[in-house]
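Report on the structure given below.
None of the figures in this text is laboratory data; all of them are computed from the coordinates on show. Just so it is clear, the model here is predicted, and its values are computed rather than measured. So basically every Cβ, Gly included, is an ideal-geometry build from the backbone, and we count neighbours across all protein chains shown.
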Amino acid sequence: MKTLIVDNRISEKCERALIKEGHSLIKLPKDPSLSEAVSAHPDTVLFYANGEIITTADYCDAAAYVFSDIREINPKIKISFTDDIRSDRYPDECIMNALVIGQMIFCKSDSISDGIVDYARRNGYKIIHTNQGYPACSVLAFGNCAITADHGIADILRENGIRVTLISQGGISLPPYEYGFIGGASGVVGRRVYFFGDIGKHPDSETLCQAIISEGFIPFSLSDEELRDFGGIIAL
């Protein structure tokens, strides 16, 4: 059983499916400084890697009970808070949005939080710049592989030894935007790749599932609903 951090707005069907899988959930409240669509997305509100969480002090004040629950559930988790001021404007909104694969952190390095830069330096991670400010949203990463619809990020991942499967944009809901992203619509827990909705409804579902299965992972639809970007899953 894992403790999973998710957006508090995930559907009842998805929530019940995760609980039935044996997991317990910590549901993030909104950060009022962020735009409504991503205000409780784990991949935008928090940075997590190797047992350490980083977020802003302001969000800690707004969601103090969440971090109290995390400490109670797993006292070994390290939680750090920064003085960063977020806003709903790009790139201030995505200062915690970074993609960790192996010992690499992919992020918009000219705007990412200094807390993440410090984390990388302390723990031997290499920071790799992406023009896209939301790499964690845009990429579903598992093992040494990744799936994305972003051609720019795909090129950078390949340059750094990651096997990439490209999919088309769309097929994922994120109101009020035209579409959401594959990283935000999924989460990797052990060998399962969970999807917020029915992966079979994505236009590239066969390609997605083949890429996942070929690496020894299992695609798992959490409901029969349309795929929805909820900012992914953080598995503690």
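The figures follow:
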quantity: Karplus-derived HN-Hα couplings along region 83-90 (A = 6.51, B = -1.76, C = 1.60, θ = phi - 60°), whole Hz, x at Gly and Pro; calculated: 8, 4, 10, 8, 8, 8, 9, 7
quantity: For ILE128, distant residues with modelled amide H under 5 Å away; calculated: ILE105, PHE106, CYS107
quantity: Protection proxy ranking of 104-112, 48-56 - average other beta-carbon atoms within 10 Å, highest first; calculated: 104-112, 48-56
quantity: Proxy reagent accessibility, fewest Cβ within 10 Å first, across CYS145, CYS60, CYS14, CYS137; calculated: CYS60, CYS145, CYS14, CYS137
quantity: Structure-based [θ]222 nm, the chain - -39500 (n - 2.57) summed over DSSP H runs of at least 4, per residue, nearest 500; calculated: -7000 deg cm²/dmol
quantity: Ascending count of other beta-carbon atoms within 10 Å, so fewest first, for ARG228, ARG163; calculated: ARG163, ARG228
quantity: Net dipole in debye of the chain [+1 Lys, Arg Cβ; -1 Asp, Glu Cβ; about Cα centre; nearest 20]; calculated: 800
quantity: Which of THR44, THR130 has the fewest Cβ neighbours within 10 Å, and the rest in rising order; calculated: THR130, THR44
quantity: Whole-Hz ³J(HN,Hα) from phi, Karplus 6.51 cos²θ - 1.76 cosθ + 1.60, for region 120-126, glycine and proline x; calculated: 4, 5, 5, 10, x, 8, 9
quantity: Residue among MET96, ALA154, VAL66 farthest towards the positive dipole end of region 53-182, charges placed on Cβ; calculated: ALA154
quantity: Amide proton proximity set for ASN160, modelled H, under 5 Å, gap of 5+; calculated: none
quantity: Cα pair distances exceeding 29 angstrom across the chain, given as percent; calculated: 20
quantity: Added length on full extension, which subtracts the Cα-Cα distance from 0.36 nm per residue, ARG192 to ASN8; calculated: 64.1 nm
quantity: Among beta bridges that DSSP assigns inside region 3-235, antiparallel share in %, nearest 5; calculated: 45
quantity: Long-range amide H partners of THR82 with built H, under 5 Å; calculated: THR55, THR56, ALA57
quantity: Cα-centred dipole magnitude for region 1-95, charges only on beta-carbon of K, R (+1) and D, E (-1), debye, nearest 20; calculated: 500
quantity: Rounded to whole Hz, the Karplus (6.51, -1.76, 1.60) HN-Hα couplings of region 53-60, x for glycine and proline; calculated: 10, 10, 8, 8, 4, 4, 5, 4
